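S.K.: One structure is given below, represented as structure tokens, and several questions about it will come after.
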Amino acid sequence: MAANDLEDMQRRVQLLEDERDIGDVFSRYSHTIDYGRQEEWADCFTEDGVFDVFTVDGRKVHKEHGRGELFRYLGGKKLPPQRYDKHVLAAPLIDVKGSTAKAQSYFIMFSSVAGSAPFIGVYGRYKDTLVKEGGRWYLKERLAEVERTPAR
């Protein structure tokens, strides 16, 4: 195998590993937010990470900046057994460029309140910026563009 072929194969394997690791961040985000694991959820973000939620027409829902605000935000949510949420991420498009990445994906949040039948609480699109620090991927910025809620 020529040196160029080996280097190309190593780049391709690294890209696959990075995409898989970014997928793990997305899964960890969903599992931790749904069960109120504040520290683990905030740790999906960089120290100065941003979680910005807004409607498709530009109305601000909420915005947290930094792990402290992220931690406090999750502490205010109703959790099982009062409320069960399931954040489901679908169809991620991930573009890795070295130690940074951009991603877009759909999200759907199923909810159930105090034994009610499940319903779609919200859905929309995530627009993410990620960075790799110390060999691990983190969300630098998650923009959550809400396309629909039960009230809309």
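Derivation of every value follows stated rules applied to the coordinates shown; laboratory data play no part. Quick caveat: nothing in here was measured; it's all calculated off a predicted structure. Ideal geometry is used to build each Cβ from the backbone, glycine not excepted, and the neighbour counts take in all protein chains shown.
S.K.: If one computes the Cα centroid of the range 1-79 and of the range 86-152, what distance in Å separates the two points?
M.R.: 8 Å
S.K.: Based on the alpha-carbon set only, what is the convex hull volume of the chain divided per residue, in Å³?
M.R.: About 120 Å³ per residue, rounded to a whole number.
S.K.: Moving to a separate point now. How far is helix 3-34 tilted, in degrees, relative to the longest principal axis of the Cα atoms in the chain, given as a value from 0 to 90 rounded to the nearest 10?
M.R.: Approximately 10 degrees, to the nearest 10.
S.K.: When the C-alpha atoms of the range 40-103 are aligned to their principal axes, what extent does each axis show, in angstrom, from largest down?
M.R.: 41, 26, 25
S.K.: So if we plug the beta-carbon distance of residue 15 and residue 62 into 1/(1 + (r/R0)^6) with R0 = 30 Å, what FRET efficiency do we get, rounded to 0.05?
M.R.: Efficiency computed from Cβ-Cβ geometry: 0.30.
S.K.: While we're on this one: Just to be sure I follow the rule: in the range 20-152, considering lysines 8 or more places apart or on different chains, how many pairs have Cα atoms under 23 Å apart?
M.R.: 27
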